[in-house]
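**Q** Got a structure for you, written out below as structure tokens; questions coming shortly.
The values are calculated or read from the model by the stated rules, or taken from the named source; none is laboratory data. Keep in mind that what you see is a predicted model, and the values were worked out from it rather than measured. Quick reminder, even Gly has a Cβ in these numbers, built from the backbone with ideal geometry, and neighbours come from all protein chains shown.
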Amino acid sequence: MSLEQVFASRTSQMKASEIRELLKLLEQPGILSFAGGIPDPNLFPAEAFSEAYARALSPENQAVALQYSVSEGYLPLRRWLVGQMERMGVPCDVDNILITSGSQQALDYLGKLFLNAGDTALVEGPTYMGALGAFRAYEPRFDRLSVNGNRPAQDYADAAQAAGGKVKFAYLTPDFANPTGKTMDLRGRESVLDLTEALDVASIEDAAYQALRYDGDSVPPILALEVARKGDLEACRTIYCGSFSKTLTPGLRVGWVVAAKPVIRQLVLTKQASDLHSPTINQIVVHEVAARMFESHVGTLRQSYGARRDAMLAALEKHMPEGVEWTRPEGGMFVWMTLPKNMDGASLLAEALRSEMVAFVPGSAFFADGAGANTLRLNFSSPTVEQIDEGMLRLGRVLRGALT
Ligand code: PMP
């Protein structure tokens, strides 16, 4: 018997990539890895969480903390988020907010909400690999979003129709994107709004890294720009996805969505059918820790990750050969490298692991259309400053070898 024969057709797009297989080699001891996309565990506010859990589990609080709760999410946490969103230029109320199990769950739900098989999702090239994975379960077609307004809306619409579906949304990571580290400027954000307006579709703003800015001026969220245009969140098509994963901890799986109420109501129904609600106790402790120390903790992260970003940029200047280019991110966790055209990131990774025990993620995995063979992603939030210098020295040697 082969159960694979009766798997649904949607599973055919859900394949483990070759790169994931290569990255399994990272478990070997001694590898200097820039492949992860994870926060530094030494910076988790572990003591604050420990105290918050103790309080949540105390005799007077445990009946609530251990109980089922509403699908919309823990009310005090949503109230706290109303304040945060307001400060970012998005006045809203608690009914505009749904708590999700990480922003990854929001991406899955939004795929479920919008995509019929054959519909088109507009994504950047490159974009967040996990978003492609979440959307792929709904059998979409991906089209490359050009964020400068020089491809007419009708062109996207015609291509989607020719493929037998409709454009449903544009997905963007405007701040310190994973994988490029780039930030979309005000004009880019306005042009996304113009495009989604012309197409009459949603824009999904993935703000996972938004709080992690190390220098430069902050740019308002796309949702804030749309609220400014329309004067009312209820008239907005932008759906904002936030997360505590990069600021407090990814392990508790707490994120949130902000959107017009009809969208939130449908997402609440989706959540009810999926997991009823995100873990009650995790929402309670995230609220307590966020209310107590969010700003100061993010300040600590900015200092620490900012220094690592600086160390990586300095090490790249020092160790990289001619012909290699990289981004200079103002925040987030990643630097994106572009190699000469004929080079291949996946073969380079195999060589880097073999000869120098250094790792990164080859860039092609971040493209829906398989482009970007000559690109790669480097993470600077997990390694120390010393490891960053040593790692870039090793990577420089691998590249020099490959270029000769
Ligand atoms: N969006 C982006 C751009 C990410 O990089 C990640 C995590 N790597 C997520 C969403 C998902 O994060 P979480 O589910 O932990 O909030």
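**Q** May I ask you to verify whether GLY370 is surrounded by fewer than 22 Cβ atoms within 10 Å (Cβ to Cβ), without any contact (Cβ under 8 Å) to a residue 12 or more places away in the chain and assigned by TED's automatic domain parsing to the domain that holds ILE31? Spell out how you get there, then give the answer.
**A** Numbers: surrounded by fewer than 22 Cβ atoms within 10 Å (Cβ to Cβ): yes; without any contact (Cβ under 8 Å) to a residue 12 or more places away in the chain: yes; assigned by TED's automatic domain parsing to the domain that holds ILE31: yes.
Judged against the criteria, GLY370 is a match.
**Q** Continuing with this model, one more query. Of the conditions (1) assigned to a strand (DSSP E or B); (2) more than 20 Å from the chain's Cα centre (by Cα), ARG377 clears all except one; give me its number.
**A** The number of the failed condition is (2).
**Q** Would you point out the residue of the range 243-270, among those that are among the basic types (Lys, Arg) and more than 9 Å from the ligand (Cβ to nearest atom), that is farthest from SER69 (Cα to Cα)?
**A** LYS261
**Q** Also, quick follow-up: Considering SER218, SER274, SER245, which residue is surrounded by fewer than 23 Cβ atoms within 10 Å (Cβ to Cβ) and without any contact (Cβ under 8 Å) to a residue 60 or more places away in the chain?
**A** None of the others qualify; the one that does is SER218.
**Q** For the structure I just gave you, tell me whether VAL147 is of a type in the set (A, V, I, L, M) and surrounded by 23 or more Cβ atoms within 10 Å (Cβ to Cβ). Spell out the reasoning first.
**A** Numbers: of a type in the set (A, V, I, L, M): yes; surrounded by 23 or more Cβ atoms within 10 Å (Cβ to Cβ): no.
In short, no.
**Q** Would you point out which residue out of LEU77, LEU22 is at pLDDT below 95, part of a helix (DSSP H, G or I), under 23 Å from the mean Cα position of the chain (by Cα) and not polar (S, T, N, Q)?
**A** Within the list LEU77, LEU22, the selection yields LEU22.
**Q** In contact with a strand residue (DSSP E or B) (Cβ under 8 Å, 6 or more places away or on another chain), away from the ligand (no atom under 16 Å from the Cβ) and either under 30 Å from PHE360 (Cα atoms) or not assigned by TED's automatic domain parsing to the domain that holds GLY149 (or both): which single residue out of TYR209, TYR214, TYR240 fits that description? Even if it seems obvious, please write down each step before you answer.
**A** Details: TYR209 fails: away from the ligand (no atom under 16 Å from the Cβ); TYR240 fails: away from the ligand (no atom under 16 Å from the Cβ).
None of the others qualify; the one that does is TYR214.
**Q** Scan the range 29-45 and report the pairs whose first residue is in contact (Cβ under 8 Å) with a residue 24 or more places away in the chain and whose second residue is among the hydroxyl-bearing types (Ser, Thr, Tyr) and part of a helix (DSSP H, G or I), with Cβ atoms within less than 9 Å and a gap of 6+ or a chain change.
**A** Listed pairs, sorted by first residue: PRO39/TYR305; ASP40/SER304; ASP40/TYR305; LEU43/THR300; LEU43/SER304; LEU43/TYR305; PRO45/THR300.
**Q** Looking only at the range 87-131, which residues are more than 12 Å from the ligand (Cβ to nearest atom), part of a loop (DSSP other than H, G, I, E, B) and touching a residue at least 12 places away in the same chain (Cβ under 8 Å)?
**A** MET88, GLY89, VAL90, PRO91, CYS92, LEU115, ASN116, ALA117, GLY118, ASP119, GLY125
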